[in-house]
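*Asks:* Let me give you the structure first, and then I'll get to my questions.
The values are calculated or read from the model by the stated rules, or taken from the named source; none is laboratory data. Note that this is a predicted model, so its numbers are computed, not measured. Using ideal geometry, Cβ is built from the backbone for each residue, glycine included, and neighbour counts are taken over all protein chains shown. Just so you know, the surface numbers come from the protein's heavy atoms only, side chains and all, with ligands and any DNA or RNA stripped out. Shrake-Rupley method; radii C 1.70, N 1.55, O 1.52, S 1.80 Å.
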Amino acid sequence: MTPQHPALVKGHVAVITGAASGIGLAAAKAFARMGLCVVLVDLDGDRLANAAAEVTALAAGGEADVVAIGTDVSKLDELEALERAVIQRFGRVHVLMNNAGIQPGSALFGPQANWDNVLGVNLMAVINGTRTFGPGMVAHKDAALIINTGSKQGITTPPGDPAYNVSKAGVKAFTEALQHELRNTPDCNVSAHLLIPGFVFTGLTANGRTEKPSGAWTPEETVDFMLESLVIGDFYILCPDNEVPRALDEKRIAWAAGDIIENRPPLSRWHPDYADAFKTYLSIPKG
């Protein structure tokens, strides 16, 4: 039998935002197969209804174990209503996966709406979702998980989409603070984890493509890696993909941190004066 985290057991309850597609839907299916009751959260509509039907078909208890709740996670009052509905239906929550994310694109001096929407969904929904569900998860004392979906772009912050980078950098900082808080709370059985996907073929990354690029992982591969990492106890769930191995991710992350230590210009990896130095750095064997 494949080992699994003690929060991921039959009868426990998982709430997943952004569950109508991509990583969120793959996680919902995986949790249903493991015997959990699953709450799929996304904007109301056919995509959410269809996703719920797919998950219900996998759940041992069928419709008794699965519910879809249309929610705009950028709105605190809707998250609070969601929490009340879940508690009324299932009693308690053991897994909160703050996964909803959008990427309409942004520019530093571009439309305000793009900034507001990205920060509302990608960052404030994570913060507010955690603050809404977290106290109850701590209080019931069962093993529990809060999994927040970050991004490598929130760590290396490449040029091109500053609002997205800011939102995901905020998720990283918030989730680190959350785990520190939880591990210093007496008798707390909740742990936090930062999911850092690689290149995953989803609606967010498809850009009009209908077939998965060879370099991308599927959402299912990403969720399998997440589940394995949870068993190990990893906080930073740094996912590779078919193009980028972990060693390359580590070097890129270390170079980004080195901009501060070496007093280089920000984003020096993309600065013409440092192109040769970065290329040489990548060619040096790790360690």
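*Asks:* Report the residue count in the range 149-183 for those that are in a loop (DSSP other than H, G, I, E, B) and either under 19 Å from residue 234 (Cβ atoms) or touching a strand residue (DSSP E or B) at 6+ places or on another chain (Cβ under 9 Å) (or both).
*Replies:* The qualifying residues number 3.
*Asks:* Here is a follow-up. Of all residues being among the aliphatic types (A, V, I, L, M) and part of a loop (DSSP other than H, G, I, E, B) in the range 232-287, which is modelled with the highest pLDDT? Just the residue, please.
*Replies:* Ranking the candidates gives 267 first.
*Asks:* Given the conditions (1) more than 19 Å from the chain's Cα centre (by Cα); (2) surrounded by fewer than 19 Cβ atoms within 10 Å (Cβ to Cβ); (3) of a type outside the set (Val, Ile, Thr), which single one is not true for residue 90?
*Replies:* (2)
*Asks:* Could you check the range 8-56 and list, in sequence order, the residues that are under 17 Å from residue 71 (Cα atoms) and hydroxyl-bearing (Ser, Thr, Tyr)?
*Replies:* 17, 21
*Asks:* Scan the range 30-54 for residues that are assigned to a strand (DSSP E or B) and either touching a Cys at 6+ places or on another chain (Cβ under 9 Å) or not charged (D, E, K, R) (or both) and jot them down.
*Replies:* 37, 38, 39, 40, 41
*Asks:* Here is a follow-up. Looking at (1) on the phi < 0 side of the Ramachandran plot; (2) under 20 Å from the mean Cα position of the chain (by Cα), which is the only condition residue 256 fails?
*Replies:* The single condition residue 256 does not satisfy is (2).
*Asks:* Spot the failing condition for residue 48; the list is (1) open to solvent by 10 Å² or more (accessible area, probe 1.4 Å); (2) without any contact (Cβ under 8 Å) to a residue 60 or more places away in the chain, and only one is missed.
*Replies:* (1)
*Asks:* Would you mind finding the one in 148, 189, 184, 165 that is of a type in the set (S, T, N, Q) and free of Cβ contacts under 8 Å to residues at least 12 places away in the same chain?
*Replies:* Testing whether each residue is of a type in the set (S, T, N, Q) and free of Cβ contacts under 8 Å to residues at least 12 places away in the same chain leaves just 184.
*Asks:* Take the residues of the range 93-132 that are more than 24 Å from residue 181 (Cα to Cα), in a loop (DSSP other than H, G, I, E, B) and in contact (Cβ under 8 Å) with a residue 24 or more places away in the chain: which is most open to solvent (accessible area, probe 1.4 Å)?
*Replies:* Of everything passing the filter in the range 93-132, 108 is most open to solvent (accessible area, probe 1.4 Å).
*Asks:* Here is a further query. Are any of the residues in the range 195-215 among the polar types (S, T, N, Q) and assigned to a strand (DSSP E or B)?
*Replies:* no
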